[in-house]
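Here's the structure we're looking at; comments come further down.
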2 protein chains.
Amino acid sequence: MDQPQGFEARLAACAAEIEALLERLLSAEPLDGERTRPPRLLAAMRHACLGGGKRLRPFLVVESAALFAVPRARALMAGAALECVHCYSLVHDDLPAMDNDDLRRGRPTVHKAFDEATAVLAGDALLTLAFDVAARPETHPDPAVRLALVTALARAAGVGGMAGGQMLDLAAEGRFGPAAPDAEGVRTLQAMKTGALLRFACRAGALLGGAGPAETEALDRYGAALGEAFQIADDLLDAEGDPAEVGKATGKDAAAGKATLVALLGTGGARARLDALIAAAETALCRFGPAAETLRATARFVAARRH
Amino acid sequence: MDQPQGFEARLAACAAEIEALLERLLSAEPLDGERTRPPRLLAAMRHACLGGGKRLRPFLVVESAALFAVPRARALMAGAALECVHCYSLVHDDLPAMDNDDLRRGRPTVHKAFDEATAVLAGDALLTLAFDVAARPETHPDPAVRLALVTALARAAGVGGMAGGQMLDLAAEGRFGPAAPDAEGVRTLQAMKTGALLRFACRAGALLGGAGPAETEALDRYGAALGEAFQIADDLLDAEGDPAEVGKATGKDAAAGKATLVALLGTGGARARLDALIAAAETALCRFGPAAETLRATARFVAARRH
């Protein structure tokens, strides 16, 4: 279960490239069709997007695309679009009306560093920017491929994907009346709230690479397993992790009575499910042989709960 | 300055078609790539989008596209995408942290009818849906045209367009420190906050119709003039309108010390500017001859402040 030599270096290199690309995409210069980029709004968008994170989602795009020898610059564009969606969702999820978080990665959340109205607008503008980036010629020369990315990203992020999953999560907290989702309900909400974007990441690699149906299906199975594993690992970390090591408070889910697979299956059951998911993720990659070694390492990395 | 016979009927017919289309787009059935559409979120999106409005923006798409004999169903799709963006912006602008409005068109705003978290998510999901709709084959058979729509819509709605304009508007209220925008500043914020989407509407017609540069430029001039006229007419209505006739409180801008062109130019100056803009909008349409009569009537309709 060791990481192949260089995995951490590959992850870090991709993160640096994404950081540089987002920096460029969030520059002050208005584009064709824009009038001006108001400094306060741009600063809030930059606060939300720049300065850290493992950039796991863009990494998955880059590594999935690498299976098909997609030029790296294209995969980075699609990855940056996806990262804009991820960052917007964090800004809105942190709002007082949602999860009401003051800190994110040790820094003030956008509504704390700025104000609530600015945070709402910064999230809106980042979501909008994501589609702008996905649609640009640098992402892929073929308009049909860019359109497929736009569509897949919209489905992953919207009412039937991430936004819908956040809605289900709020409902599962009992906000709109008594709620006690079963394991299937928890799996659905997690597949939407966190799984959909991770799955899109792998799908994006297949789209950029012109993958055939069997390859696309394989990457989709990998992405789905990885997405579910990601959430279980996160929940296990909360249930068992040492706050000093984890770098944030743990035990929050149990205290809040949150519906997680750990709560429903116990830590033993959840860990068994996690192991099965990682095995499924690795198996899904069989057809790609050694070329998919970094994606396999990514699954182990996710399972090791160090994301 | 009379409306041509049938103008109101054309406007109403288009509104009914857009209502039916939005009804279909916001059905409970999940699409390919969606898992499920959570009922509460879908209900909030439907509350925001269905049940009224003149649908001026879709009408502009339809009538601009009609100059180039674009099949009406395509223009309606692009118009519905645009209406999703417009409706999302109303949901977020009404939030307590933004303009804090309890009522819209005589009905409770989304965060009043549901709750704040649901309103944030409903806006997010509508914005996302807009790009999904613009990217669909029903909008145009040529992927390059759909991509051009996605890009233009993103630029019109994002940091350098509508979202940026809302940011400038909050700043002009003095929220982030003393502010006293001059006429140029007010014009910029209005061109972004309300103008960008109206301008996009006309641009969309040109894109759908494969218009040449001169035709595109003419429609762009029309859209820009119309956008500015729209806002001045709205501000004049607030300054001079009879609340009983207008159907909502008036005099709010002056009471709030809001920076409008009416405040800066006086009602006489603002009315003169409005007349000049409507003349400019009509002039821009010269090259289209009688085919553009409905667009001319739309400009007069906007100026008459009955929108």
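The values are calculated or read from the model by the stated rules, or taken from the named source; none is laboratory data. Note that the structure is predicted; figures quoted are calculated from it, not measured. When we count neighbours, we look across all protein chains shown, and the Cβ atoms used for this are built from the backbone with ideal geometry, even at glycine. Quick note on the areas: whole protein, heavy atoms, side chains included, nothing else; ligands and nucleic acids left out. Shrake-Rupley method; radii C 1.70, N 1.55, O 1.52, S 1.80 Å.
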Single condition B:VAL110 does not satisfy, out of (1) more than 8 Å from chain A (Cβ to nearest Cβ); (2) closer than 16 Å to A:ALA156 by Cα
(2)
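When you check A:ARG136 against the structure, is it surrounded by fewer than 23 Cβ atoms within 10 Å (Cβ to Cβ) and more than 9 Å from every other protein chain (Cβ to nearest Cβ), yes or no? I'd like the intermediate steps shown before the answer.
Working: surrounded by fewer than 23 Cβ atoms within 10 Å (Cβ to Cβ): yes; more than 9 Å from every other protein chain (Cβ to nearest Cβ): no.
Taking the combined requirement at face value, the residue does not satisfy it.
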Can you name the residue in segment B:285-307 that is surrounded by 15 or more Cβ atoms within 10 Å (Cβ to Cβ) and of a type in the set (A, V, I, L, M) and is also nearest to the chain's Cα centre (by Cα) among such residues?
B:VAL302
Which condition does A:GLU282 not pass, out of (1) open to solvent by 10 Å² or more (accessible area, probe 1.4 Å); (2) at pLDDT below 95, if it passes all the others?
(2)
Looking at segment B:32-50 only, could you name the residues that are crowded, with 16+ Cβ neighbours inside 10 Å and either part of a helix (DSSP H, G or I) or away from chain A (no Cβ under 13 Å) (or both)?
B:ARG40, B:LEU41, B:LEU42, B:ALA43, B:ALA44, B:MET45, B:ARG46, B:HIS47, B:ALA48, B:CYS49
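Just give me the residues in segment B:161-190 being among the aliphatic types (A, V, I, L, M) and farther than 17 Å from A:LEU121 by Cα, in sequence order. It would help to see each step written out before you state the result.
Initial filter on segment B:161-190 (among the aliphatic types (A, V, I, L, M)): B:162-163, B:167-168, B:170-172, B:179-180, B:183, B:186, B:189.
Within segment B:161-190, B:ALA179, B:ALA180, B:ALA183, B:VAL186 qualify.
Table: residues versus (1) open to solvent by less than 10 Å² (accessible area, probe 1.4 Å); (2) touching a residue at least 24 places away in the same chain (Cβ under 8 Å); (3) within 8 Å of chain A (Cβ to nearest Cβ).
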site: B:ASP115; (1), (2), (3): no, no, yes
site: B:GLY123; (1), (2), (3): yes, yes, yes
site: B:PHE131; (1), (2), (3): yes, yes, yes
site: B:ALA152; (1), (2), (3): no, yes, yes
site: B:ALA157; (1), (2), (3): yes, yes, yes
site: B:ALA171; (1), (2), (3): no, no, yes
site: B:LYS193; (1), (2), (3): no, yes, no
site: B:THR216; (1), (2), (3): no, no, no
site: B:GLY223; (1), (2), (3): yes, yes, no
Step by step: first the residues of segment B:159-169, then only those that are of a type in the set (A, V, I, L, M) and facing chain A (nearest Cβ under 7 Å), then the one that is most open to solvent (accessible area, probe 1.4 Å). Which residue is that?
B:LEU168
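Residues checked against (1) assigned to a helix (DSSP H, G or I); (2) modelled with pLDDT of 95 or more; (3) surrounded by 17 or more Cβ atoms within 10 Å (Cβ to Cβ); (4) at the interface with another protein chain (Cβ under 9 Å from one of its Cβ atoms):
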{"position": "B:ASP2", "(1), (2), (3), (4)": "no, no, no, no"}
{"position": "B:GLU17", "(1), (2), (3), (4)": "yes, yes, yes, no"}
{"position": "B:ALA20", "(1), (2), (3), (4)": "yes, yes, no, no"}
{"position": "B:TYR88", "(1), (2), (3), (4)": "yes, yes, yes, yes"}
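From B:ARG35, B:ARG107, which residue is farther than 23 Å from A:LEU127 by Cα and either in contact (Cβ under 8 Å) with a residue 12 or more places away in the chain or not hydroxyl-bearing (Ser, Thr, Tyr) (or both)? Give the derivation first.
Details: B:ARG35 fails: farther than 23 Å from A:LEU127 by Cα.
Going through B:ARG35, B:ARG107 in turn, just one is farther than 23 Å from A:LEU127 by Cα and either in contact (Cβ under 8 Å) with a residue 12 or more places away in the chain or not hydroxyl-bearing (Ser, Thr, Tyr) (or both): B:ARG107.
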For the condition within 27 Å of B:ARG37 (Cα to Cα) and either polar (S, T, N, Q) or at pLDDT below 95 (or both), what is the one hit in A:LEU237, A:LEU265, A:LEU207, A:LEU219?
A:LEU265
Would you mind finding the one in A:ALA81, A:ALA148 that is within 30 Å of B:ASP220 (Cα to Cα), more than 9 Å from chain B (Cβ to nearest Cβ) and crowded, with 19+ Cβ neighbours inside 10 Å?
A:ALA81
Tell me, please, whether a residue that is surrounded by fewer than 24 Cβ atoms within 10 Å (Cβ to Cβ), under 24 Å from A:ASP99 (Cα atoms) and of a type in the set (A, V, I, L, M, F, W, C) can be found in segment B:105-113.
yes
Single residue of segment B:173-191 satisfying the filter (part of a helix (DSSP H, G or I) and of a type outside the set (Lys, Arg)) that is most open to solvent (accessible area, probe 1.4 Å):
B:GLU184
Given the residues B:LEU153, B:LEU129, B:LEU147, which is the only one that is under 15 Å from A:LEU127 (Cβ atoms) and over 16 Å from the mean Cα position of the chain (by Cα)?
B:LEU129
Only one of (1) under 30 Å from A:GLY185 (Cα atoms); (2) open to solvent by 10 Å² or more (accessible area, probe 1.4 Å); (3) under 19 Å from the mean Cα position of the chain (by Cα) does not apply to B:GLU29, and that is (3)
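Taking the conditions exactly as written (open to solvent by less than 30 Å² (accessible area, probe 1.4 Å) and modelled with pLDDT of 95 or more), does B:ALA201 satisfy them or not? So that I can check it myself, show each step before the final result.
On the way: open to solvent by less than 30 Å² (accessible area, probe 1.4 Å): yes; modelled with pLDDT of 95 or more: yes.
For B:ALA201, the condition - open to solvent by less than 30 Å² (accessible area, probe 1.4 Å) and modelled with pLDDT of 95 or more - is met.
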A:ASP99, sole failed condition from (1) more than 14 Å from chain B (Cβ to nearest Cβ); (2) at pLDDT below 95
(1)
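Determine if segment A:55-63 includes at least one residue that is open to solvent by 20 Å² or more (accessible area, probe 1.4 Å) and farther than 28 Å from B:ALA148 by Cα.
In the first step, residues of segment A:55-63 are kept if they are open to solvent by 20 Å² or more (accessible area, probe 1.4 Å); the result is A:57.
Narrowing further to those that are farther than 28 Å from B:ALA148 by Cα: none.
Scanning segment A:55-63, I find no residue that is open to solvent by 20 Å² or more (accessible area, probe 1.4 Å) and farther than 28 Å from B:ALA148 by Cα, so the answer is no.
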Scan segment A:173-191 for residues that are facing chain B (nearest Cβ under 7 Å) and over 12 Å from the mean Cα position of the chain (by Cα) and jot them down.
A:PHE176, A:THR188
Based on what the data block shows, is A:ALA28 in a loop (DSSP other than H, G, I, E, B) and either within 13 Å of chain B (Cβ to nearest Cβ) or on the phi < 0 side of the Ramachandran plot (or both)?
yes
